[in-house]
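The values are calculated or read from the model by the stated rules, or taken from the named source; none is laboratory data. Worth saying up front: this structure is predicted, and the values here are computed from it rather than measured. Cβ: placed from backbone, ideal geometry, glycine included. Neighbour counts: every protein chain shown. Remember, those area values only see protein heavy atoms, side chains included, never the ligands or the DNA or RNA. Shrake-Rupley method; radii C 1.70, N 1.55, O 1.52, S 1.80 Å.
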Amino acid sequence: MQISSIRIQNFRALRDIEIPLNSSTVIIGENNTGKSSVLDCISLALSHRWGGQGTGFDDYDVSLFQEQATTSEPNSEIEGVKETGEEEYSEINIELLFQETELGEWPDEITGSLHNVLQVDPLSGRNSITLRVTYSFNLLEKKYEPGWSYIDINGDRLGNANAKRAANAGKLFTFVPVFLLSALRDSKQEFSSRSQFWGKLLKAVEISPEQRKDLDEAIDALNTMLLSADPRVAETLNRLKDIQKVVAEGAAADVQIRALPMKVWELLSRSEILIKGEEEAPWLPLDKNGQGVKSLSVIYLFKAFVERLLTETYSEHAEPIVALEEPEVHLHPQAARSLWPQINNIPGQKIITTHSPYFMQFVPMKDIRLLRRAKNGVNVHYVPEFVSVDLPQKIELTAFVAKYPEALTYDTAFGCLNTLAPITENQVRELLMCYTDDADHVHHPAIRSFEQRSRSLIIKKDLEDLEDWARRLRGEIFFARFWLLCEGQSEVFFFTALFNSLGLNLDAHGISLIDYQNNGSPSAFASLARTFGFPWFLFSDGDDQGKKTLASLKNVAFDETEISDNTLLLPDGADLEAYVVSTSWRDRALEVARQFDSSLSDTASKDEIAGVLGKNKPVWTRRFGKNLLNDPPSRNALPKQFSTVLTKLFGAVEQEQTNDAAD
C-alpha cells in the first residue's frame, strides 16, 4: 500500500494543500514553504505513538491564518475553522488517501484485515482507504486534542466515533510502516544497539547453540590471553581477590577481570562501522568520518533494514514509507548527482525533500512537487499525467475526440473526457459547439475550467526534450525566481555581462538564464514555467526563427495576450548582432569587431560589422561584455529593447519579493 495523496489544512505554513504522491516523490521549494511539514504530517498521521505519551502535535503546529479573536459574526465559510459563537479556532486536518492503482492490486490479507474501512469505486472496482487525523480545540477542556478516523468517499466518518485509535488503526500500521529520516541524521544514535534499524539487525543475527559455545570458549581464551600479556594485571587481580577476606562467605567466591564481554550478544551490541578512505589510510570508526559519509551511512542502513528485516518486523505485505529530508546533506556535487538512483531503488514509497540542484538533475519531471508561496498561502505545482472533465457522450463529442487522437480520449465507463495536452482556444470553441442545446449549457463552465486546468499539462515531445536535453540546468532553474529564455549561449553571455555592468547580479535576484535552443525548445520551457508557476520572459531574434518561436507557443495553448506580455522579438527581422550595431552602441560593436577583422574602417556599414560579429559567435558577446564592464552604460541610456528586458525582469522579481513580504 502506498499513499496516493495527502491533504493538509492549517498545519504550520500550510493553509490548505493537496499533494499527489508517486512511488518516489521529490518535494522542493524555498525555505519555510512547508517541505519538512509535509514529512512531519505523514509521520504524525501514521505514528504508533498515540496515547499516554501524546501524539507529536503541539499547539505551535496550529497555523495562525485564522487568528483566535472575539467576533460577533463568526465566519462559517473558512474551512478548517471551528465556530464557537465568540471565538474561532483553527483545526489541523490531515487526510491520507491509499488507493489501488489497478484492480486487485492489494492482496487478500490487506483487504480482509481492513474490510470494514475499505471503499470500493463503483465504476472501476478499485479499493481505497482514507485516514483523517485532526488536532482541534476542545471547548470544555479549553485545550487542543488529537482525533482520528477513517472516512468514506463523502468525507463522513466510518465506524464508532469513540473507538480507540490504537485498537482500530493498528492493522493499518502493519501494512504501512513509516520511517522519518530528518536532515539532522545522528549516525552515533542510529548505529547504537538501541536504534530502530541497527539494533534490530544485530538482534536478528542467528547463532546455533554449537556456534555459540565455540564463540564463548574463544572469547574466554582471548580474554585470558589479553590479561596475561602484562604481569601487573595478574597482580591487580590478586589484590582484588582480597575482597573475599572482608565480605561474608559466599558473597565473592571468586573475582575475574573481563577485557571482553562474557556474552556473544554483548560483543555484537558493541559492533561499529569502520571506513578506510584510501588504500594506505588507517581504518577509522564511522563517528570519526565526515558528516557526508555519516549521513549517507544512515540512509544505507535503512535500506539494509528494509531489504532484510521489514517483513519479519511487520506484515509480509508491508510496504515501507520513508520520509527522507535532504538526503544530499554534506555531500559534494558528484555524490549528490549519483544519489537519486540509489534512493529511488530503496523498496517502498519515498517522499523526499531537497535543496540540491545536483540531486534534482536525474529526478523525472513527473516526480517533482514544487511548493511556492502565494497570496492565498502555499500552493503545490506539478506535472499531471492528464486532466479530465465529466461530460455526457454525444455524437459530436466522439467526432471531436477522433480529430485529436494523440491528445484526447473519452472514457465511456466514467463518462469523462481526458486530455494529455493543453487545450487551445480553438479546441475549446469546438468542444463548446458539441453542447449547444439549452440543456447542454450547464456543461460550459466545466469545459472552461477544463481548459484552464489543462494548461498545467506539458505535451509529450516537450516533456521528452526537458528530460533528455535540459538535464544540465534543470536542477538550477527549479530553485530560481524568474526565467529569462533566450536562443543560445551568445545571449546568455551578453545579458549576464549587461546586468553585471549595471550592478545587477542575476543570482542574487534569483534569475536564471536559459538558452532554450541548446536545452530543448522555447515551448518546452515556457510550458514548464507555466506548470510550476515561474514568471518568465522570452527574448528572441526578429527573424523567421523568432516567428517560429512565437508560433510554437500558440501550439501549446498560450494566448495572444500571454505571448505579447511575455516575449520580445527584435524589430525589423534583426538578430542580436544587427540590433546592437543599429543602436547607440555601434562604436562598442565596431571596437569588438575589429578584434576579429582589423580592416574594418570607421565608416564600415552596419551589415559589415554585424557580419563579422555573427561569424564569431559566441566569442564576440564575451568580449562585448568586457567592454560593458570596463565602461558601464547608464540605465537611462540603454537601447530600447534591452531596457524593456531589464524592466520586465527586475520588475517581475520585485513584485515576487513584494508578494512574499505581504504573505
Taking a virtual spin label 7 Å from the Cα of T436 along the C-beta vector, which residues in region 394-417 bring their backbone nitrogen under 19 Å of it? 394-403
For an R0 of 30 angstrom, estimate the FRET efficiency from the Cβ-Cβ distance between K615 and D565 and round to the nearest 0.05. 0.30
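Students often check this: by mean Cβ neighbours within 10 Å, which of 21-27, 467-473 ranks highest, and how do the rest follow? Mind showing how you got there, number by number?
Details: 21-27: 20.9, 467-473: 15.6.
Descending mean neighbour count gives 21-27, 467-473.
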Could you tell me the calculated FRET efficiency between N154 and E102, based on Cβ-Cβ distance and R0 = 22 angstrom, to the nearest 0.05? 0.35
What is the helix-to-structure angle for 291-313, meaning the angle in degrees between its Cα long axis and the longest Cα principal axis of the chain, kept from 0 to 90 and rounded to the nearest 10? 70 degrees
How large is ³J(HN,Hα), in whole Hz, for each residue of region 194-203 in order, when computed from phi with the Karplus curve 6.51 cos²θ - 1.76 cosθ + 1.60 and θ = phi - 60°, using x for Gly and Pro? 9, 6, 6, 10, 4, x, 5, 5, 5, 5
Would you list which lysines come within 20 Å of K188, measuring only between C-alpha atoms, while excluding same-chain residues fewer than 8 positions from it? K200, K203, K276, K288, K294, K303
When the Karplus curve 6.51 cos²θ - 1.76 cosθ + 1.60 is applied with θ = phi - 60°, which whole-Hz ³J(HN,Hα) does each residue of region 512-523 get, with x for Gly and Pro? 10, 8, 10, 8, 5, 5, 8, 10, x, 7, x, 5
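Sorting check: for 372-381, 493-502, which peptide has the highest mean count of neighbouring beta carbons within 10 Å, and how do the rest follow?
Packing proxy ranking, top to bottom: 493-502, 372-381.
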Any idea what the relative contact order of region 289-390 is, in percent, if you count C-alpha pairs under 8 Å spaced at least 6 apart? 22 percent
Angle in degrees between helix 619-630 and the longest Cα principal axis of the chain, rounded to the nearest 10: 90 degrees
Cα-Cα pairs above 26 Å in region 513-663: how many percent? 36 percent
Whole-Å distance linking the alpha carbon centroid of region 266-343 with that of region 395-456 is 50 Å
Any lysines whose Cα falls less than 22 Å from that of K366, other than same-chain ones fewer than 8 residues away, would be K35, K350, K460, K461
Rg (Å, one decimal) plus Dmax (Å, integer) for the alpha carbons of the chain? 32.8, 118
Taking the simple approach of a point 7 Å from Cα along Cα-to-Cβ for both M225 and S23, what is their distance in nm? 5.0 nm
For a quick check of understanding: with a 1.4 angstrom probe and all protein chains in place, what accessible area in square angstrom does K548 have, to the nearest ten? 130 Å²
Less than 16 Å apart at the alpha-carbon level, and either on another chain or at least 8 residues along: which lysines does that give for K142? K82
Could you size up the charge dipole of the chain around its Cα centre, putting +1 on the beta carbon of Lys and Arg and -1 on that of Asp and Glu, and report it in debye to the nearest 20? 1500 debye
Measure nothing but the geometry: give the 0 to 90° angle between the long axis through the Cα atoms of 544-555 and the longest principal axis through the Cα atoms of the chain, rounded to 10°. 60 degrees
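Which FRET efficiency value, to the nearest 0.05, is calculated for E210 and V233 with the Förster distance at 22 angstrom and r the Cβ-Cβ distance?
It comes to 0.10.
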